[in-house]
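Okay, structure first, notes after.
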Amino acid sequence: MRRERQQGWIAARGRPLRGELTVPGDKSVSHRAIMLASLADGASRIEGFLEGEDARATEAIFRQLGVRIETPAPGVRVVHGVGLDGLQPSTQPLDCGNAGTAMRLLSGLLAGQGFDSVLVGDASLSQRPMRRVTEPLARMGARIETGADGRPPLMIHANKDLQAVEFNSKIASAQVKSALLLAGLYANGETVVREPQPTRDYSERMLAAFGWPVVFSPGIARLSGGHRLRATDVSVPADFSSAAFFLVAASLVPGSELCLRRVGMNPRRTGLLRVLRAMGADIVEAHADEQGGEPVADLRVRHAPLRGIAVPREHVADMIDEFPVLFVAAACAEGVTTVSGASELRVKESDRIATVAGGLRTLGVRVDETPDGAVIHGGRLRGGAVGSHGDHRVAMAFAVAAQCAADAVTIGDVANVATSFPGFDTLARSAGFGLEAVET
């Protein structure tokens, strides 16, 4: 039986990383900009839109729901909003691809519509848990059926009578919070979400930018139904999660000095920056500004020896997408790094704790897994063959690891990198990475 060949990389030590880079637009902001612009009154212009598969899946869904979206140039969208009640039913399922953010946020947004919808995803997304969103939405009166074990597909039934709730979330998840707030746009009364730890406030900031009265502070957000969204122009900052791979690589590779331009600096997103600095990284912010309602800055990073630390639990929610590359930084640091309180990593695009720990062991690093984290013993990396399990952030993290390994690292199944960082390999090579595309 012939085995299907996959896209892969062979990564190896390159040269010191130098120059100025601009990474693609923030995926979280791109998703939300399309959603709120579609529900607004009037036309909104989005610049810096991420031309990745996840964000494009959200865009395609709103086209399917009757929203006219123009693309005058790459990274630019003009969205002709249909108003809060102007979406049209689709006769076909709405395909979220690999975008968990799209599926969970759309669960809330579509729960208050006057028509039924079906949300589907690819093989990876179809294994991710959705009850964390559907159960709190059910408290508002939403009627959502899931597949086996609370996984996709999701069948969302028409409901024009949602009722606001006060929800005390047991997990720190911006996706759960955002789903409830989007449902709250259609609910009677005031929706309040409290979190055990503060999470990203992209939805709250963007709702405010589109003119919806919303009150929020770390750990709590509230809004009432019955208002309107006003069209506005959005400038999407560069994605911190994408910049993270270069921040770590330049910290690890001797002789490196990189400048990353106009990176989103939302404090609920930059936990990795605080942790890297605690490990000894030399990262300086410059030209701080605001872009699209989000703080931005240039980040200059120079090589510096890193040391292992106990990662403070209060930073975990602010760096949940950056843990694969943090594990790599820890593997190359001197001493031991301990991570705890990160059980959310078990239910991302892959079980990121198991996937990254297994790959690092292949490269000669001692990693002791725990249910909610790991203990990483820094040391020398050797070459080898590792799998990403189709997880874009894991694939890119191992490309960073290879820049410090004694021999080449073969990374399998990298096609999903296009979901968040199209052109990563090209940009990485231009900066100095040793990285070659292959079939595995």
**OP:** Go through region 190-238 and give me each residue that's among the β-branched types (Val, Ile, Thr) and in a loop (DSSP other than H, G, I, E, B).
**Re:** Thr199, Thr232, Val236
Original post:
Residues in region 21-45 that are closer than 12 Å to Gly83 by Cα, of a type outside the set (Gly, Ala, Ser) and outside any strand (DSSP E or B): how many?
Top reply: 3
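Yes/no matrix, rows are residues, columns are (1) in contact with a Ser or Thr (Cβ under 7 Å, 6 or more places away or on another chain); (2) acidic (Asp, Glu); (3) crowded, with 23+ Cβ neighbours inside 10 Å:
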| residue | (1), (2), (3) |
| --- | --- |
| Arg366 | no, no, no |
| Gly383 | no, no, no |
| Val386 | yes, no, yes |
| Asp391 | yes, yes, yes |
| Ala418 | no, no, no |
| Thr426 | no, no, no |
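Listed here are the residues, each with its yes/no results for (1) under 17 Å from Ala40 (Cα atoms); (2) surrounded by 18 or more Cβ atoms within 10 Å (Cβ to Cβ); (3) assigned by TED's automatic domain parsing to the domain that holds Glu344.
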residue: Thr146; (1), (2), (3): no, yes, no
residue: Arg151; (1), (2), (3): no, no, no
residue: Ile171; (1), (2), (3): no, no, no
residue: Val176; (1), (2), (3): no, yes, no
residue: Ala183; (1), (2), (3): yes, yes, no
residue: Asn188; (1), (2), (3): no, no, no
residue: Val193; (1), (2), (3): no, yes, no
residue: Glu204; (1), (2), (3): yes, yes, no
residue: Val214; (1), (2), (3): yes, yes, no
**OP:** Tell me, yes or no, whether region 403-417 has at least one residue that is in a strand (DSSP E or B), farther than 11 Å from Gly8 by Cα and assigned by TED's automatic domain parsing to the domain that holds Ser251.
**Re:** no
**OP:** Check region 274-297 and report whether any residue there is of a type in the set (A, V, I, L, M, F, W, C), in a strand (DSSP E or B) and within 23 Å of Arg15 (Cβ to Cβ).
**Re:** yes
Original post:
In region 345-367, how many residues are in a strand (DSSP E or B) and at pLDDT below 95?
Top reply: 0
Original post:
Could we say that Ile156 is of a type in the set (A, V, I, L, M, F, W, C), surrounded by fewer than 24 Cβ atoms within 10 Å (Cβ to Cβ) and touching a helix residue (DSSP H, G or I) at 6+ places or on another chain (Cβ under 8 Å) here?
Top reply: no
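The values are calculated or read from the model by the stated rules, or taken from the named source; none is laboratory data. Since we're looking at a predicted model, the values are computed, not measured. Counting neighbours? That spans all protein chains shown, and the Cβs are built from the backbone with ideal geometry, glycine included.
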